[in-house]
Amino acid sequence: MNVVIISGSAHRNGTTAALLEEFEKGAKEGGHEIYRFDAAFKNVHPCIGCDKCRRTGTCAFEADDMKELNPHLLAADVLVFVSPIYYFDLNAQIKTVIDRFYANDAALHGGKKAVLMTAMADVEPETAEGANACFTHTAEYLHWEIAGQLNIGGCFTAEELTEDDRRRAYELGRSL
């Protein structure tokens, strides 16, 4: 399968990045093709709702890095969203990319699977509810099959991830 990973991690060696490495390893060992888009290190302008994409077929910000991601989005069998939890939700880097899906809305409907992986320092599962809701509603709206969700809590740094946390991320990637 063609797997597109959209990572919001701004820390190349952080908790979310460490989980993503394990997931990616599992997905590759499962025989999947991987394309990774590190949103925190890309220039992605927020959608301003101008509707230019709907009127003309071209986004007002066509020169930013979404032009790199868009063909992969359209060809993906599986979309994987990886984000730290910031203030009870997905971080801005991931949400900005999701908002820009608007330009490809019709083309993204149906035929895809979606996965969410989050990491947070908090240990309360409720802390990830906002991110889970955003992910679930987006998947439902776009008629995507939810192929997995993994919320890892209690880890402010990558060193605090347990072997079980890492194994679960690996297995999620392998299970696609």
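The values are calculated or read from the model by the stated rules, or taken from the named source; none is laboratory data. Predicted model only: the values in this text are computed from it and were never measured. Cβ placement follows ideal geometry from the backbone for every residue including glycine, while neighbour counts extend to all protein chains displayed.
Considering the range 52-100, and only residues there that are among the β-branched types (Val, Ile, Thr) and surrounded by 14 or more Cβ atoms within 10 Å (Cβ to Cβ), the residue that is farthest from Val4 (Cα to Cα) turns out to be Ile85.
Just give me the residues in the range 43-78 being in contact (Cβ under 8 Å) with a residue 40 or more places away in the chain and either acidic (Asp, Glu) or touching a His at 6+ places or on another chain (Cβ under 7 Å) (or both), in sequence order. Correct list: Asp77 only. Would a scan of the range 79-92 turn up a residue that is in contact (Cβ under 8 Å) with a residue 60 or more places away in the chain and touching a Cys at 6+ places or on another chain (Cβ under 6 Å)? Yes, there is a match, as at least one residue in the range 79-92 is in contact (Cβ under 8 Å) with a residue 60 or more places away in the chain and touching a Cys at 6+ places or on another chain (Cβ under 6 Å). Only one entry in Thr136, Thr127 is free of Cβ contacts under 8 Å to residues at least 40 places away in the same chain, assigned to a helix (DSSP H, G or I) and either under 25 Å from Pro46 (Cβ atoms) or within 12 Å of the chain's Cα centre (by Cα) (or both), namely Thr136. Pairs meeting the criteria (first residue in the range 29-41 and closer than 11 Å to Met1 by Cα, second residue part of a loop (DSSP other than H, G, I, E, B) and of a type in the set (S, T, N, Q), beta carbons under 9 Å, at least 6 apart or on different chains) are Gly30/Ser175. Checking each residue in the range 3-16 for being in contact with an Asp or Glu (Cβ under 9 Å, 6 or more places away or on another chain), touching a residue at least 40 places away in the same chain (Cβ under 8 Å) and over 19 Å from Asp89 (Cβ atoms) picks out Val3, Val4, Ile5. Against the condition polar (S, T, N, Q), touching a Cys at 6+ places or on another chain (Cβ under 9 Å) and farther than 24 Å from Glu68 by Cα, how does Thr157 come out, does it pass? Here the answer is no, as Thr157 does not meet what is asked. Please give the helices (runs of 4 or more DSSP H) falling wholly within the range 1-87 in which 3 or more residues are over 14 Å from the mean Cα position of the chain (by Cα) and at pLDDT below 95. Qualifying helices (runs of 4 or more DSSP H): 52-56.
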